[in-house]
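Inspection log for the structure reproduced underneath, given as structure tokens.
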Amino acid sequence: MGNSVTDVEIRSSAWDALSGPGDPPGQAGFGGVVADRLDPSRARPALRSGIEAAELTGVRGTPYVMLRSPDEAGTGYLRLTPEEWQLALLMDGTQTVSRLVAEFARLAGRLAPDQVRRVVADLAANGMLDDLPDDAFHQAPVDQARHSRPAPRRRGLSFAADPLATVLHRAGGRILFSKAVVLVGAVLSLAGLVLFAATWWRGSQSLFLTGGSYFTGALTLVLLTAIAVTLHELGHALATKHAGREVGRAGIAFRHGLPAIHADTSDAWMAGRRARVLVTAAGPATSLALAGVAQLLAVALPAAGPVAFKLAFVWYLHLFLQLNPFLPRDGSRLLMDWLEIPHLRGRGIAWLSARLRGRPPAWSGLDREGKIIALYGILAVLWLVVALNVAWQLWSDRLRGVTTGLWHSGAAGKLLLVAIVLGLCAPVLVPGLRRVGRAVRKARQRAAERDRDADLPRRIAALHHSELGGLPQAALESLAARARWVRPPSGTPLVLSGSAQQAVYVVVEGAVQARKPGDPGGIVRHHVGPGGVVGLADALTGRSMALDWFTAGTTLLAVPTAAVATVIGPLPGPPPAERAEAEALFADTPALAGLAGDERLALIASAHPVGLPAGAPVILAGPTHAVVVESGVVAMPDGVELRRGTLIGPVGDGS
């Protein structure tokens with residue numbers, strides 16, 4: 001009895017396969033010049049020496065490897081699966097990316113060309129590779145002035161903080177993390193909070209007066225705020241040292257108009273999830289414990305009562321703001337570290353916003369991860385209600401009397417009143433003003449983009465630097481004429497599984513990530529970065545999306561599906577009958593189960609059936625070629641029989 005196998009050639013980019021194994025580089029056609037420009041199949045990545053690797057375990061018991069680049073400044077951190085780390089160790093500068101795709105298939109037992117390409121790109125972006133071409137994995141920006149990243153928000157003096165943090169940790173900071181001290185801190189926190197509430201209710205301490213002067217009181221609050229924020233950051237730093245990691249640079253900067261010290265604790269990623277949770281929680285815990293101590297001192301030492309009460313108030317207010325779920329502060333970071341669900345804050349707010357507008361999905365249609373995210377959005381609204389109540393209580397109990405007194409104290413009093421209000425409202429006003437600024441910039445961008453003729457070169461450039469860049473210039477211009485810019489907030493659902501697809505999305509900045517409904521929490525099946533295309537296979541086949549896609553700081557170019565299908569025309573590759581057979585075969589092949597729809601379409605386009613008589617050998621044309629058993633049996637020398645759905649190869653450097 002004869003055998004039937006399907007032969008495919010595995011390349012580093014799925015779209016490279018669409019040009020066919022015999023097409024010369026530079027051929028104009030569907031994916032024809034990808035190999036020349038975007039597909040770095042001839043690049044030979046080499047892993048830098050001195051990279052630190054830590055083998056860790058995630059919240060769901062999944063092992064992973066955390067990498068740290070050897071740079072002193074601008075240290076890069078990257079999380080890989082154990083298989084991806086084994087792939088990285090093979091990057092010695094002698095193997096092309098195409099060969100690495102074959103090696104990864106041999107290591108992992110599945111074909112994942114896009115995953116290999118992403119790993120190489122992520123290693124390069126985090127400074128962990130030597131001497132890759134500048135444009136190998138990074139597309140040129142469409143418009144540097146419009147698409148450059150915003151400057152860091154924190155500016156000011158900076159210094160190496162690790163030596164100071166090390167001294168403080170050794171001098172007694174380590175004791176703060178013992179069980180006894182933590183228990184005592186919890187008791188002091190609770191007692192101090194009760195006393196503070198009682199003191200506030202009685203009104204026995206003034207918040208804005210010091211020595212009978214409102215000016216001195218306002219200045220005192222500013223200085224105490226700087227002290228509170230600095231000690232909050234010190235809590236993060238000491239927790240980082242307690243986890244056995246280094247503290248990065250610290251800086252003195254103005255935050256919300258007030259001076260404060262900030263510290264870089266990114267190195268906690270190398271210590272695992274538990275350490276990250278500890279480091280993130282250490283800041284709020286420090287604020288809560290010190291606020292309790294300050295309030296207890298206010299009761300025990302009446303002479304220090306006014307200042308201690310103000311300090312406790314500043315700590316409690318700062319702690320309350322740190323728990324703001326609408327901002328990337330300690331509260332939202334703590335939940336993300338604990339749950340390990342990416343873009344939890346953005347996705348929660350996006351779901352809530354969609355439900356308020358009556359858009360799907362409803363609560364009943366969510367899986368476990370979706371309900372956790374939705375619950376976050378609901379709690380965010382509850383936090384907003386509490387925040388409004390706190391603001392009203394602050395106004396009615398304290399600010400109303402101060403407002404009346406200062407308003408009738410002349411021009412100086414009115415200026416001081418304005419300063420106090422701005423200082424208290426700064427944590428809300430500053431993020432709000434930033435949002436307004438971003439909204440104004442986006443409005444200007446949209447206004448410029450409405451001039452379709454003037455904006456056409458930018459859209460053509462975005463398509464040219466994407467995986468569709470191999471299309472003829474006329475085709476790119478046709479697609480660009482119908483395309484539109486999309487800039488959704490992080491966490492926004494781009495396309496939901498089962499829904500009709502309205503557009504093909506080209507990723508210009510940021511990334512989009514996919515998961516399948518019902519996946520365990522935190523699972524990301526596919527990650528598409530700049531230059532990638534989402535939904536092309538579904539647009540060409542007319543099928544609905546099988547995955548949920550979410551944005552991550554993304555700028556997209558959306559092209560209507562009808563325009564894409566018209567421009568590209570009939571699907572390349574085998575005729576419909578053979579295509580259906582190939583799709584059924586690939587669906588039965590476990591090693592191909594992880595492929596995205598676009599990648600599977602590319603393989604089908606490049607595959608061709610091969611019939612073999614009984615007893616004939618199965619020969620792979622090269623290290624990047626593979627065959628899939630369609631019917632019959634392939635007998636291995638050790639007696640193992642390979643049947644339908646078995647992927648043989650690619651062998652990489654194997655035999």
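The values are calculated or read from the model by the stated rules, or taken from the named source; none is laboratory data. Because the structure is a prediction, the values reported are computed rather than measured. Please note: Cβ atoms are built from the backbone with ideal geometry, for glycine as well, and neighbour counts cover all protein chains shown. Note: areas computed on protein heavy atoms with side chains; ligands, DNA, RNA excluded. Shrake-Rupley method; radii C 1.70, N 1.55, O 1.52, S 1.80 Å.
Brief remarks on what is shown
- Residue in the stretch 612-641 that is least open to solvent (accessible area, probe 1.4 Å), counting only those that are over 29 Å from S98 (Cβ atoms) and touching an Asp or Glu at 6+ places or on another chain (Cβ under 8 Å): V633
- In the set (1) of a type outside the set (A, V, I, L, M); (2) open to solvent by 80 Å² or more (accessible area, probe 1.4 Å); (3) closer than 21 Å to N324 by Cβ, H408 fails one condition alone, (3).
- Among residues of the stretch 191-224, those that are among the polar types (S, T, N, Q) and without any contact (Cβ under 8 Å) to a residue 12 or more places away in the chain, counted: 3
- Restricting attention to the stretch 61-75, the residues that are modelled with pLDDT of 90 or more and crowded, with 17+ Cβ neighbours inside 10 Å total 6.
- Given (1) in contact with a Leu (Cβ under 9 Å, 6 or more places away or on another chain); (2) farther than 26 Å from R355 by Cα, number of the condition V512 does not satisfy: (2)
- Within the option set A112, A124, being more than 16 Å from R48 (Cα to Cα) and small (G, A, S) holds for one residue only, A112.
- Annotation note: Cβ proximity below 9 Å between a residue of the stretch 451-476 that is over 14 Å from A563 (Cβ atoms) and at pLDDT below 85 and a residue that is among the hydroxyl-bearing types (S, T, Y) and outside any helix (DSSP H, G or I) (sequence gap 6+ or interchain) occurs for E467/S13; G470/S19.
Residue by residue, here is whether (1) in contact with a strand residue (DSSP E or B) (Cβ under 8 Å, 6 or more places away or on another chain); (2) at pLDDT below 85; (3) of a type in the set (A, V, I, L, M, F, W, C) holds:
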residue: P572; (1), (2), (3): no, yes, no
residue: A580; (1), (2), (3): no, yes, yes
residue: D598; (1), (2), (3): yes, yes, no
residue: A626; (1), (2), (3): yes, yes, yes
residue: V640; (1), (2), (3): no, yes, yes
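- Residues satisfying the stated conditions in the stretch 291-306, i.e. in contact with a helix residue (DSSP H, G or I) (Cβ under 7 Å, 6 or more places away or on another chain) and surrounded by fewer than 23 Cβ atoms within 10 Å (Cβ to Cβ): V293, L296, L297, V299, A304, G305
- Residues being part of a loop (DSSP other than H, G, I, E, B) and either surrounded by 19 or more Cβ atoms within 10 Å (Cβ to Cβ) or among the aromatic types (F, W, Y) (or both) - total across the stretch 193-212: 3
- Screening A218, A198 for residues that are modelled with pLDDT of 80 or more and either over 30 Å from A161 (Cα atoms) or of a type in the set (A, V, I, L, M) (or both) leaves exactly one candidate, A198.
- When Q502 is tested against the conditions (1) closer than 23 Å to L595 by Cα; (2) buried (at least 17 other Cβ atoms within 10 Å of the Cβ), the lone failure is (2).
- Contact annotation: residue pairs with Cβ atoms under 9 Å, 6 or more positions apart or on different chains, pairing a residue in the stretch 626-639 that is farther than 17 Å from F586 by Cβ and free of Cβ contacts under 8 Å to residues at least 40 places away in the same chain with a partner that is open to solvent by 50 Å² or more (accessible area, probe 1.4 Å) and of a type outside the set (A, V, I, L, M), are A635/E641.
- The residues of the stretch 582-596 that are at pLDDT below 80 and surrounded by 14 or more Cβ atoms within 10 Å (Cβ to Cβ), listed by number, are G594, L595, A596.
- When A46 is tested against (1) closer than 25 Å to G109 by Cβ; (2) open to solvent by less than 40 Å² (accessible area, probe 1.4 Å), only condition (1) is not met.
- Which listed residue, of R174, R202, is charged (D, E, K, R) and under 30 Å from A303 (Cα atoms): R202
- Top-ranked residue of the stretch 411-437 - restricted to ones that are closer than 19 Å to G212 by Cβ and of a type in the set (A, V, I, L, M), ranked as surrounded by the fewest Cβ atoms within 10 Å (Cβ to Cβ): A412
- Qualifying residues in the stretch 79-98 (those that are open to solvent by less than 20 Å² (accessible area, probe 1.4 Å) and under 21 Å from the mean Cα position of the chain (by Cα)) - the one nearest to A250 (Cα to Cα): L80
- Some residue of the stretch 519-527 being in contact with a strand residue (DSSP E or B) (Cβ under 9 Å, 6 or more places away or on another chain) and buried (at least 20 other Cβ atoms within 10 Å of the Cβ): yes
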